[in-house]
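Quick notes on the structure that follows.
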Amino acid sequence: MITGKNHIGNQLSAKGTKTFKTFNPLLNIENDWEMTEAIAEEVNEAATLAAEAFKTYSKFSGYKKAKFLNAIADEIEALGDTLLDVYSSETGLPKGRAAGERGRTLGQLRTFANHVKAGNWVEASIDTAQPKRDPLPKVDLRKMNVAIGTVVVFGASNFPLAYSTAGGDTAAALAAGCPVIVKSHPMHAGTGYLVASAIIKAAINSDMPNGVFSNLNSNGIEVGQILVQNRNVKAVGFTGSIKGGRALYDLAAKRQEPIPVFAEMGSVNPVVIFPKALKSRAADIAKTYAKSITLGTGQFCTNPGLILGIKSEGLTNFVNALSKEIVQIEPSCMLHPNLVEAYEKNKAYIISQNGLKVLADYKTEVKINYARQAVTAVSGNIFLDNPTLHQEVFGPFSLVVRCENENQLQEIILNLEGQLTGTIISDDNEIQNYSEIVNALQNRVGRIIFNGVPTGVEVCPSMVHGGPYPASTDSRFTAVGVDSIKRFVRPVSYQDWPNDLLPDALKNENPLSILRNVNGQLTSEIIK
């Protein structure tokens, strides 16, 4: 049952008087459950509990944290169809999508469990002493990663499971040894409540300290602001808009003790189609990209919102085929009326820009809260002169830029803001003739794709989900995959410590049997 209360550690709390309900966009009605917004007292209580929990949780072994993470996955799975039904009622998405995202969420948790159990994530480095070194003796230095402290996670609107309450940020932070406070997303607060209940049950059954996890409801920005400014909070994970991410980033920077904000924000994910590919398979590429643009009603951070090509007959054929294909696809429901409103407003604003031509705009009447897909086009000159055209339109929308020549194509890429992805479509090894364009694109993105689509983010160690600002606030890190744990750790060096007082990861006998860098060599051997 969804009580709508806040999870303050292991206790439910509803001290506030402000409530809200989530919305079913498919039926265009409010859902039954009522959520109670957290007040400042509850926010601070959660942060205090988390700080106390950190003292012990951060010292837990990889095996104990792995047991907790696996227990979370088991408890979420045990929610069964109840979770899928609530997910669908709060998003308008089918149960198949809900089940798929649940599977990804469970997979992330279990992957992190294996990762921390293996132990290599601490990146142990040991430089043994050389007391007889001439002219100066060398001290014994040993370094490893340790948890940074309490992490606040802001749930994403478009992934109620994989990027929210028990999503990638939460899994990474818990794996690192950091307590987590989730600011639940108001669009799917019921889903968040069920998942939070599963996490708390897992925490209790795994003997985790009270406060290792909390979940707070809010329909506004106040709870998030209080959280980010609380002195017990040491880092933030965020997935959402540039406006929201930047506001949190600025707020965290103004603290007496500034803290990192790892925000994954806006991206138009440029796709560059080279001339031979356009000449030989324009229709096939158009069909593929019509599906990618409309996938999930365009509500993916990797949606291909910008397509770049050099003027040619092939580009014209592609544009004509894309315009035809995209209106053949039936529109689908967006996640919330607010998103539909924002999409139509932003689409209209971009279309109103001088020199922009609408190639295809779904004109047939659609159901309420459904989005009409659109494809537009503009010249390279106008695109360069108007930064407004660089902005993301969150939804099934894409802009084709007709570049005058190779030089202008490169100039456009060099002037793009940072992106999550960039895609190259090439035929017959023609990519070898455009090395400067490829290099320029690589310098603007976190993931560069060859002859594919950007939609779809594989969860694995080699994935980078991040990029130069404003795709993310720190391009050195990924928000997906086990390496995302690096956002919530910091390195500590131990100098001349007695062996028996060192953490297990740094002891001579290597009791964890992990891979370590010992005097410049990777080895799992003991130090004699």
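Ignoring ligands, DNA and RNA, what percent of the accessible area of the range 6-84 is carbon or sulfur (1.4 Å)?
The C+S portion of the solvent-accessible surface of the range 6-84 is 50 percent.
Per 0.36 nm of contour for each residue apart, how much would the distance between Ile29 and Lys243 grow if the chain were fully extended, relative to their Cα-Cα spacing?
74.2 nm
So what's the angle, to the nearest 10 degrees on a 0 to 90 scale, between helix 313-326 and the longest Cα principal axis of the chain?
On a 0 to 90 degree scale, this one is about 80.
Can you list the residues, at least 5 places off or on another chain, whose amide H is less than 5 Å from the amide H of Val445, using H built in the peptide plane?
Gln419
How large is the accessible surface per residue of the range 12-52, computed with a 1.4 Å probe and reported in Å² as a whole number?
Working: 2140 Å² over 41 residues.
I get 52 Å² per residue for this part.
Determine the gain in length on full extension of the stretch Met1-Asp284; use 0.36 nm per residue of separation and subtract their C-alpha separation, reporting nm with one decimal. All intermediate terms of the calculation are to be shown ahead of the outcome.
On the way: separation 283, 0.36 × 283 = 101.88 nm, distance 4.84 nm.
Result for the pair: 97.0 nm of gain on full extension.
Using only the alpha-carbon atoms, how far is helix 337-351 inclined from the longest principal axis of the chain? Give it as 0 to 90 degrees, nearest 10.
50
If Lys and Arg each add +1 and Asp and Glu each add -1, what is the summed charge of the other residues whose beta carbon sits under 11 Å from the beta carbon of Ile382?
Values: positive: Lys357, Arg402; negative: Asp385.
Around Ile382, the charge tally is +1.
Report the FRET efficiency, 1/(1 + (r/R0)^6), for Asn429 and Thr19, where r is their Cβ-Cβ distance and R0 is 60 Å, rounded to 0.05.
Efficiency at R0 = 60 Å is approximately 0.45.
Within the accessible area of the range 426-528, what % is carbon and sulfur when the probe is 1.4 Å and the other protein chains stay in place?
The computed percentage sits at 46.
Simple spin-label model, 7 Å along Cα-to-Cβ: Ser513 to Ala118 in nm?
1.5
Which net charge results for the neighbourhood of Thr478, defined as the other residues with beta-carbon distances under 13 angstrom from its beta-carbon, given Lys and Arg at +1 and Asp and Glu at -1?
-1
Classify the range 335-379 from the C-alpha gyration tensor, please: rounded if a/c falls under 1.5, else prolate or oblate depending on whether a/b exceeds b/c.
It comes out oblate by the Cα gyration axes.
In degrees, nearest 10, range 0 to 90: what is the angle between the Cα axis of helix 242-253 and the longest Cα principal axis of the chain?
Orientation of helix 242-253: about 30 degrees from the principal axis.
Quick one: if the Förster radius is 22 Å, what FRET efficiency do Lys64 and Ser493 give, using the C-beta to C-beta distance and rounding to 0.05?
Once rounded, the FRET efficiency stands at 0.30.
List, in the order given, every pair from Lys234/Lys345; Lys117/Lys234; Lys95/Lys291; Lys143/Lys528 whose Cα-Cα distance in the structure shown is over 30 Å.
Going by Cα-Cα distance, Lys234/Lys345 fall outside the 30 Å limit.
Ignoring ligands, DNA and RNA, how do Glu509, Glu365 rank by accessible area with a 1.4 Å probe, largest first? Don't skip to the answer; put the middle values down first.
Details: Glu509 90, Glu365 150 Å².
In descending accessible area the options line up as Glu365, Glu509.
Students often get this wrong, so try it: which of (1) 27.2; (2) 22.1; (3) 28.6 is mean projected area of the Cα convex hull in nm² as calculated from the structure shown?
(1)
Taking a label point 7 Å from the Cα of Leu141 along the Cα→Cβ vector, which residues of the range 495-513 have an amide N closer than 15 Å to it?
The answer is 495-497.
Rounded to the nearest percent, how much of the accessible area of the range 112-193 (1.4 Å probe, protein heavy atoms only) is carbon and sulfur?
55
Calculate, for the range 110-170, the solvent-accessible area per residue in square angstrom, rolling a 1.4 angstrom probe over the heavy atoms of the protein chains.
Details: 2310 Å² over 61 residues.
Value returned for the range 110-170: 38 Å² of accessible area per residue.
The values are calculated or read from the model by the stated rules, or taken from the named source; none is laboratory data. As the structure is a computational prediction, the values presented were derived from the model and not from experiment. Reconstructed Cβ throughout: ideal geometry from the backbone, glycine too, with neighbour counts over all protein chains shown. In case anyone asks, the SASA skips ligands and DNA or RNA and just uses the protein heavy atoms, side chains included. Shrake-Rupley method; radii C 1.70, N 1.55, O 1.52, S 1.80 Å.
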